[in-house]
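Student: My questions all concern the structure below.
All of the numbers you see were taken from the coordinates with simple rules; none came from a lab. Please read these numbers as outputs of a predicted model, since none were measured by experiment. Cβ: placed from backbone, ideal geometry, glycine included. Neighbour counts: every protein chain shown.
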Amino acid sequence: MPNEPQPRPPRRVVLLAEDEPTIAIPLSDELEEHGFAVVHEADGDAALDRLRRRRFDALITDLRLPGRSGLELLADARARRLELPLLLITAYADASSERAAVAQRAQVLRKPFDNVEVIDWLRGSISPAFPADAPRPAI
């Protein structure tokens, strides 16, 4: 029937491993506002447990986390042959940690950042759900 509502595409699920609430909460909220489902963990070990139990469309991780580090999460994701897009967010990246992230085929985003940068990265990394002409978030 022509007036039936169209089914919504499934939401892309992002695992966010970030221990600072001042970053995690606003970023999660904004990602949700732009159509992503967010699973947040403030601890690297808990995030790894989530990766082992569930499928995600992307992983965003801080470099420094309680428990397992962000670099260890990236390496674990690749060791499990997970081909999801990876983003390392950090205020502490040095050349060595950036090289290690790039070796895992991860992008690096330095803090402070604007959440729109993360949204743009996600849209570009998992583009089938978000065409290039999708509305951009307000800055």
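Student: Could you size up the charge dipole of the stretch 22-129 around its Cα centre, putting +1 on the beta carbon of Lys and Arg and -1 on that of Asp and Glu, and report it in debye to the nearest 20?
Tutor: Here the stretch 22-129 has a charge dipole of around 580 debye.
Student: Have a look at R78, R54, R105 and tell me which one the Gaussian network model of the chain (Cα, springs below 10 Å) gives the largest fluctuation.
Tutor: R54
Student: Show me, for the stretch 68-75, the HN-Hα J-couplings you get by feeding each phi into the Karplus relation (A = 6.51, B = -1.76, C = 1.60, θ = phi - 60°), rounded to Hz, glycine and proline as x.
Tutor: 5, 6, x, 5, 5, 4, 4, 5
Student: Right, here's the next one. For the chain, evaluate the Debye formula with one uniform point scatterer on each Cα (no solvent term) and list log10 I(q)/I(0) at q = 0.12, 0.15, 0.18 Å⁻¹, rounded to two decimals.
Tutor: -0.46, -0.70, -1.00
Student: Please compute P(r) over all alpha-carbon pairs of the stretch 61-125, binned at 5 Å starting from zero, and give each bin as a whole-number percent.
Tutor: Going from the shortest bin to the longest, the percentages are 4, 18, 29, 25, 18, 5, 0.
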